[in-house]
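Values quoted throughout were computed directly from the atomic coordinates according to the rules given, and no laboratory measurement underlies them. Quick caveat: nothing in here was measured; it's all calculated off a predicted structure. Note that each Cβ is placed from the backbone with ideal geometry, even for glycine, and that neighbours are counted across all protein chains shown.
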Amino acid sequence: RSGGLCIGIHRSLAKDFTELETDCDDISAVRVKLKGVTDSGDSELLTIINVYDSQEESSYKKNRREQLSTLDSLLDFVANNELGKILLVGDFNARTGENNHLANPEELGTHFEALTSSVPLEKIRASKDSTTNKRGKLFLDFIASSNLTILNGSTAGDILGEFTSVNYNGSSVVDYSCASNDLMRHISSFQVGDLNKFSDHKPCYCTLNLRHDLLSSDELLASLEDSPVRFKWDNTNPLLGKAFLDSQESLRDKLLQL
C-alpha cells in the first residue's frame, strides 16, 4: 500500500558512485565523478536525487508534522552539499500546469533550443495538466531557488507534456525530472512511458549523454560470484550425499563470518 525509494546502478558504473546522506527518508541521492574536469581543475560531479513527497492527507505525512517538509529538507540538502550537476527526479504530488523555471536561458544555447523547438512559443512548457495547485507553487519556488529546469513538456520526447499519473479520479502530471543549468546540454531526451499493471504512475525516462569510465569486461567478470553448486540427490551413491552436506557446512561457516 505504500511506496519507497530506490536508485539502481549498473555494476559496470558502480565503482565511482557514492551514496549521500540526506537526513530525510523521503530523499535518496547518489553522486558520481564524471570523465572531465571543471575550470578550476576539479573532477566534474553529477548528483542524482530521487524524491517521494507524499500527499498532505496521507497518514505518513500526518505522523511527520513536527519535522521539516520534504521540500524544505530538499532545499537544505541542495544548498549545503557539493553536488555539481543535478538531475532531480521523483513523485512530488505537485501540479505545476505549464509553468517552469528557465535558469539563464541564454546560457543553455542552441542545444536547449533544439530540444524545445516543438513547444509552442507562448508556453514555458507544454502540459496536458493545466492545473497549478498549492504544492505545485511551492515546487516551482524550489526549482527557481535551486536553478533547476523541469524537463517534462519542454524536452524532446515529451513535447505534449504527457500525464504521469492516471487513476479513478482523474489524470495529472506529478512526477518530474529536473536538471540544473549546466546539465541541460547533456540531456538527450525525456519520455513518459506507458501505464502498466504495477502502478497508477507511468515510468519516466531521461537519457543523458555523458562521458564516464566503465568497468572493463575482465573487471566486470571478476566482480561476479559463482552460483551455488547444485547436486542431484542419489540414494545409491553415498559420496554424492556427503559432498552435498559438506557444501552446506561450508556455506554455514561463510554465513557465520558475516
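General observations
- Checking the cross-link pairs 15/85; 128/197; 33/197; 128/202 against a 25 Å limit on the alpha carbon distance flags 33/197 as lying beyond it.
- Two-site label geometry, residue 168 and residue 131: point separation in nm, points 7 Å out along Cα→Cβ: 1.7 nm
- You can think of it this way: the chain between residue 210 and residue 17 has 68.0 nm of extra reach, that is 0.36 nm per residue less the Cα-Cα gap.
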